[in-house]
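Here is the structure we will look at.
The values are calculated or read from the model by the stated rules, or taken from the named source; none is laboratory data. Note that this is a predicted model, so its numbers are computed, not measured. Here the Cβ positions follow ideal geometry from the backbone for every residue, glycine too, while neighbour counts run over all protein chains shown.
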Amino acid sequence: MVAALAALILTRTGPHIVMMAVLAMLSISGVLTPNEALAGFANSGLVTVACMFVIAAGIHSSGGVDMLVNKVLGRPEGVRGAMGRIFAPVVLLSGFLNNTPVVATMIPAIHAWSRKINVPASKLMIPLSYSAILGGTLTLIGTSTNLVVNGQYQELTGGEGFSLFSITTVALPVVIVGVLFIWVVFPRLLPDRSDKRAFGNLREFTLEVAVASDGPLVGQTVEQAGLRSLDRVYLVEIDRRGNIVTAVSSEEKLQGGDRLVFAGDTEAISDLLRINGVVPSPENGHSDTLNQDRAERCLVEAVVSPHCDAVGHAIRDARFRDRYGAVVLAVARSGERIQGNLGSIRLEAGDTLLLEARPAFVSRQRYNKDFLLINDLDKTQPRHERAWLAWGILAALVLAAGTGLTSMLNAALIGAGLMVMTGCCSVMQAEKSLDLTVILTIAASFALGAALQKTGVATWLAGGIVELSSGTPWLLLILTYLAVSVLTEIITNNAAAVLMLPIVLEITEKAQLSHEPFIFAIMIAASASFATPLGYQTNLMVYGPGGYRFTDFLKVGVPMNLLVAVVTLTTLLLGWPLSQ
């Protein structure tokens, strides 16, 4: 245990590598039998975590999150107004989806939105992460930590575990107070690191898309459709049945079949293609047959090589779809956009293309000489028609688990299966959603937890803590919370929770105390990691996009840690009897 903690704290070795090494050593040395060492991989909590990743992928791939963002965020006034719009959807989503994919989905949306409303992203990214952390504590499925603690608790005690909303009574006051604190205090404490680079040093692509004839954009003005205020991509012209509309007015009404010519960078184009009602233009080789298996397609950035058969041909004549199984979405030449519509551009060696292609294209071009691949953007267009279905599957899952109709594990398994079967996400997207490092860390951590209990180390540590507190129940609860909180900041939340649970179970057994408040203290303390970007994955995810420094987290995170600790402990001490 000491070696594992030292490796996690003092080295840059990934936690999954450290915990797998621990598992191997415990099995090889005979401390655990092979079955005991590998028991974590069959734990119901771990399988539920994996299923929740797939369910989150279904919500994301169907455009469910985009739909929520577009309907809720709007155009608020000032930093506090923007924060207020973020809290509700993020807390709600994180309560029922693993908060890591929620934040991953929201980062690009919040980044683009912040520039649209002229609020620095650095004022919003930490509140995004902290809101997701707080929301994740609301239910058993909101964060992998809660599921892992519940799974290990069932394994160590043989008990039934906790229901979906068992922790909500403790977490709700924490969320309300935490959100209010962020809204009141953070606008003054967070730095203003505005990104002033609108089009600086960007390859500027020429992109052509079409307005879907039966889509929601028909009849809307350019402004109403949200195409005027896009960041780092701008509408150059509209090709309407052969007539070119240049210097497009914000009041110009869109018609079905309009071909819209944009200029912008790759990331901005990826965001543009997520808009419901925008489809690739038929002029660049796109056809109805290409819409089939749309979820299997991804965006790829590639450079045309001198050996490419399409060199010298206009894009519409190059038969990209038949020849390569790909469609040209955008072109850049020497870092600049090319004048004219996309279909008429004659390709030259060195042109950078943005392609929509099947995964086989990427593997095939590793051995062919037609293209030099720059970047598999790993992004697909959402299937907006499945958005309501994806939300319906999530609601049914929550209802089934919340009412006791089925177990949390079975509800998650059914939900993940339905997301794939109904096409909300493809099999490939489901596979990509599984965060292997998180799953390995959790599964291997169970082995160390089991070894601590089996060898008597947990009993010895528990005895020392009980002695330190003189057996005073409220002091034991405070010490438990502080120990988990400190460990979470220096290792990972899941590892901290799994290490502490067997020790805490021994403490409550020795002191003849109720398990429940101590388990809830572990769940909240392991999630409430605000002081550093290292303790929680969502903090690390917003670190770069927000332009933060380590000290920015300390400035706002330490007060948050203390506040959440006080509210949690007060709620537990007032609301739960500590003695059995």
- Message: Pairs needed: first member in segment 238-250, touching a residue at least 12 places away in the same chain (Cβ under 8 Å) and surrounded by 11 or more Cβ atoms within 10 Å (Cβ to Cβ); second member anywhere, among the polar types (S, T, N, Q) and part of a loop (DSSP other than H, G, I, E, B); C-beta distance under 7 Å; at least 6 residues apart or different chains.
- Response: Asp239/Asn341; Arg240/Gln255
- Query: Looking only at helices (runs of 4 or more DSSP H) that fall completely inside segment 475-566, which ones have 1 or more residues that are in contact with a His (Cβ under 8 Å, 6 or more places away or on another chain), at pLDDT 85 or above and closer than 22 Å to Leu578 by Cβ?
  - Reply: 493-510
- Please state which one of Val103, Val47 is modelled with pLDDT under 90, closer than 26 Å to Ile524 by Cβ, surrounded by fewer than 23 Cβ atoms within 10 Å (Cβ to Cβ) and in contact with a helix residue (DSSP H, G or I) (Cβ under 7 Å, 6 or more places away or on another chain). Val47
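So, Leu448, is that one assigned by TED's automatic domain parsing to the domain that holds Gly63, among the hydrophobic types (A, V, I, L, M, F, W, C) and at pLDDT 75 or above or not?
Criteria met by Leu448.
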- Query: Can you tell me which residues in segment 38-64 are over 12 Å from Ser445 (Cβ atoms) and of a type in the set (Gly, Ala, Ser)?
  - Reply: Ala42, Ser44, Ala50, Ala56, Ala57, Gly58, Ser61, Ser62, Gly63, Gly64
- Within segment 393-413, identify whether any single residue is buried (at least 18 other Cβ atoms within 10 Å of the Cβ), farther than 23 Å from Asn276 by Cα and at pLDDT 90 or above, and answer yes or no. yes
- Message: Condition first: out of contact with any Ser or Thr (no Cβ under 7 Å at 6 or more places or on another chain), more than 18 Å from Leu46 (Cβ to Cβ) and of a type outside the set (S, T, N, Q). Now tell me which residues in segment 405-425 satisfy that.
- Response: Leu405, Leu418, Met419, Val420, Met421, Gly423
- Item | Ser129, sole failed condition from (1) surrounded by 24 or more Cβ atoms within 10 Å (Cβ to Cβ); (2) part of a loop (DSSP other than H, G, I, E, B); (3) not basic (Lys, Arg) | (2)
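Test Leu329 against the stated conditions and say whether it is assigned to a strand (DSSP E or B) and either assigned by TED's automatic domain parsing to the domain that holds His111 or modelled with pLDDT of 80 or more (or both). Full working, then the answer.
Values: assigned to a strand (DSSP E or B): yes; either assigned by TED's automatic domain parsing to the domain that holds His111 or modelled with pLDDT of 80 or more (or both): no.
No.
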- Query: Of the residues Asp271, Asp239, Asp265, which single one is in contact with a strand residue (DSSP E or B) (Cβ under 8 Å, 6 or more places away or on another chain), more than 24 Å from Glu301 (Cβ to Cβ) and modelled with pLDDT under 85?
  - Reply: Asp239
- Task: Those residues that are of a type outside the set (A, V, I, L, M, F, W, C) and either over 21 Å from Leu501 (Cα atoms) or more than 26 Å from the chain's Cα centre (by Cα) (or both), I need them from segment 1-43; list them, please.
- Result: Thr11, Arg12, Thr13, Gly14, Ser27, Ser29, Gly30, Thr33, Pro34, Asn35, Glu36
- Among the residues of segment 194-217, how many are surrounded by fewer than 16 Cβ atoms within 10 Å (Cβ to Cβ), at pLDDT 75 or above and either of a type outside the set (Gly, Ala, Ser) or in contact with a Cys (Cβ under 9 Å, 6 or more places away or on another chain) (or both)? 2
